[in-house]
Each structure stands twice: as structure tokens, then as C-alpha cells.
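Bear in mind these aren't lab numbers, they're just calculated from the coordinates by the rules spelled out. Not measured: the values here are computed from a predicted model. Neighbour counts are summed over all protein chains in view; Cβ atoms, including those assigned to glycine, are modelled from backbone coordinates with ideal geometry.
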Amino acid sequence: MEQNKAGKKQLKINGSMLVLLCALGIVVGVFTFLNKNFFSYTNMVNVFVAASLVGLVAIGETYLIIAGLNDLSPGSVAAFSGVLAAILTSNFGLNFGLSVIITIVVASLAGLFNAWMVSKIKLQPFIATLVTQAVFRGLAYIICDGKPVAVTNETFINLGKARVGGSSGIPVTVILLIIAFLIFGFILARTRFGRSIYAIGGNVDAARLAGLKPNKVIVITYLLMSCLCALGGTILAARMNSGQPAACVNLEFDAITAVILGGVSFNGGIGNMMGTFLGVILIQAFNTGLTMVQVPTFWQYVARGLLLLAALTIDYLRKANREKKLLQDSMKNL
């Protein structure tokens, strides 16, 4: 009986992955038809490089959404982090490694602030993180007087350009992204902490009665998100050769769209990192394709909004299907 259930669950997971792969194939096929350079090696590498920032944020959003939370501040925290790292290395002449550590520590305050608002004063995550979004976007402008900060540190610049295997090799940023997905995917799927995230997202009261500490999980997941944002913002600054206070606008919406497309339920308790990874590549391929076929910028916003709507609609249909099956199973047991 248990083996049969496990087999059905695995089949369902594989079915979701198959749908994602088919959707990715359709996107690649359509844009390759419209622009033959879309499916070139160079452009595919560029897609993965561009996905490095969204991917890191999507990892954090996966943890949060499975736990029944969310975060609207990643774009602001990433922009702030890129500016801060650029200031520390260029204006103060600090070592790049030390600058990254300081940037991550300072950015982690955003995670602690979010966790405090959600767990202590019981604000809804949507409202709490909207506050942090505004605060850190403002701080990003304040610390640089509203002007981009040029990156002059060679090690910093090389982070955005370095490749393994020569000029046509794989960018270091892509390797870092894949390593991050593997590590955090393992933690989510194979550790006690990962199981506690699923439990809290499924039913927070039941999880508390089982001896779990929801507030502790909230703090850790929000801290993880802010640290990933700091790393992503630093990588973006390296790629752009400057810290930009206006960067990463709507980053969180791309990340959330990728996570929901990847099969993570917006209601919490369901999802996996592999689905998120495919969702990230799908949305980045979609965004890159729109640019390559010269869709006007304003229409790109419309297309991304419709993609988010599609992701939420699919999530709603998944939820309705799960509830229908649960009802049918309960009726069978009567």
C-alpha cells in the first residue's frame, strides 16, 4: 500500500517535471523560429548567466513559500547590496572578500527585520516585506546619493567575467548558481530542517504541537533569503561593473513566478527545488526571447504579468485537484 502511494507520488512529480520541460521546449522552439540565434550556445549561456540572480532569489522564495510565507523585498535588498559592495571596495578600498562578508551581514538585517515583523508583531508577510522593500530601496539611493558606484576592484570585476574552460567556457556565476541549487535542494529534501519547512507550510498549528518551532524557521528562512539577495546583488554589480541603486526592480515577481511555475504551492507545504530550477530557466528563456524578438519594453511588462497570472491560475487548479482527490479518498474510506 505504502509503496503504491510512493509510486503515485513519484509519478506525479515526474508528470509535473514533464509539463515544465514541455513548456520550456515550446518557449525555446517558438523563439528559435522567430530568431535563429536564440538556440545558439552563446545565447543559452547568456540565459543561464542572466538567470543567476533570479535563481538565487528563487531558492529563498522556494523555502519561504513552502513554509507559507513570501518576500517582496529581494529586489531592493539586492540593489542595496550591490551598491554597498561597490562602495566598500571602490570608495573605502577594502578587500573584496571582506566587503562581501560585510555586505551579507548588513543585508541580513533585512531578513531579521522581516522575521521580526512576521513572527513578533504578526504582520502579514506581504505587508511586512513591502515595508522592507521601500526601506532598503531608499537606503540604496541614500548611501550613494542616488548615483551609480563604479566598481574598480579587479577581483570584484572578475567575478562577473570569469569562466571555467577559457573564453568559451562556463561562467563562474552559472557554476555558483548550480551549486546553490544542489546544496539548498539537498537541505530542503533530505534534512530535518527541510522537513520542518514542509510541516509548517502544511499546518503551522499541527507543526507546533509536534514540537517544531515556527518562529525559529521563520527567522532562518528570512535570513537565508537576505543572504542570497546580498550574494545575487554583488554578482550583478560585478557583471554591470557598478552598483546601481535602481537595479533589480520587480526581481521578486520574476522569482515568485518561477517558483509557482515550478510547482511550489502558494498555499505552502508543497514543492521541490528541481521544479524551481526549471521554472527559473523557463522564465529567463521567456524574458530573453522577448528581448531578442524586439518586443517593446512596455509590452514585455504585460507579458510577464500574464505569465504570473498563468502561474497563479495553474497553482489554483493544482490546489483544486488536490482537494478533489482528498475528498474522493475520504469518501472511499467511509
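The table below gives the values:
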{"read-out": "Footprinting exposure proxy for V105, V57 (fewest neighbouring C-beta atoms within 10 Å first)", "value": "V105, V57"}
{"read-out": "Flagged links, alpha-carbon separation over 32 Å, of K36/K147; K213/K319; K213/K325; K216/K319", "value": "K36/K147"}
{"read-out": "Relative contact order [Cα under 8 Å, 6+ residues apart], the chain, whole percent", "value": "31 percent"}
{"read-out": "Gained length - D205 relative to F92, 0.36 nm times residue gap less alpha-carbon distance", "value": "35.8 nm"}
{"read-out": "Exposure proxy order (Cβ contacts within 10 Å, fewest to most) of T288, T155, T132, T89", "value": "T155, T288, T132, T89"}
{"read-out": "Shape call, the range 205-248: gyration tensor on alpha carbons, a/c limit 1.5", "value": "prolate"}
{"read-out": "Built amide H within the under 5 Å cut-off of R163, gap 5+", "value": "V172"}
{"read-out": "Cα-based helix-to-principal-axis angle, 125-142 vs the chain, degrees rounded to 10", "value": "0 degrees"}
{"read-out": "Helix 41-66 vs. the chain, principal-axis angle (Cα, 0 to 90°, nearest 10)", "value": "60 degrees"}
{"read-out": "Size of electric dipole in the range 43-332: Cβ of Lys, Arg +1 and of Asp, Glu -1, about Cα centre, debye, nearest 20", "value": "700 debye"}
{"read-out": "Size of the range 43-332 as Cα extents on the principal axes (Å, biggest first)", "value": "67, 44, 37"}
{"read-out": "Under 5 Å, built H, 5+ apart or other chain: amide partners of S242", "value": "V151"}
{"read-out": "Phi to ³J(HN,Hα) by Karplus 6.51 cos²θ - 1.76 cosθ + 1.60 over the range 26-31, Hz, x for Gly, Pro", "value": "5, 4, 5, x, 5, 6"}
{"read-out": "Rounded to whole Hz, the Karplus (6.51, -1.76, 1.60) HN-Hα couplings of the range 287-295, x for glycine and proline", "value": "5, 5, x, 4, 5, 5, 8, 6, 6"}
{"read-out": "Folded to 0 to 90 degrees: helix 214-240 orientation relative to the chain principal axis, Cα", "value": "40 degrees"}
{"read-out": "Gyration tensor verdict on the range 35-116 (Cα atoms; rounded if a/c is under 1.5, prolate if a/b is larger than b/c, oblate otherwise)", "value": "oblate"}
{"read-out": "Whole-Hz couplings from phi, Karplus 6.51/-1.76/1.60, listed for the range 195-210; x for Gly and Pro", "value": "5, 5, 5, 4, 5, 5, x, x, 6, 5, 5, 5, 5, 5, 5, 7"}
{"read-out": "Unit charges at the beta carbon, dipole of the chain: most positive-side option, A247, S265, A50", "value": "S265"}
{"read-out": "Of the trypsin sites (Lys or Arg not before Pro) in the range 110-148, those whose Cβ has at most 16 other Cβ within 10 Å and which sit in DSSP loop", "value": "K120, K122"}
{"read-out": "Per-residue Cβ neighbour rank within 10 angstrom, fewest leading, Y141, Y222", "value": "Y141, Y222"}
{"read-out": "Cα gyration tensor, the range 13-160 - rounded (a/c under 1.5), prolate or oblate", "value": "oblate"}
{"read-out": "Mean residue ellipticity (222 nm) of the chain, computed from DSSP H runs ≥ 4 via -39,500 (n - 2.57), nearest 500", "value": "-26000 deg cm²/dmol"}
{"read-out": "Contour excess over end-to-end distance, with Cα ends at F33 and K324 and 0.36 nm allotted per residue", "value": "100.8 nm"}
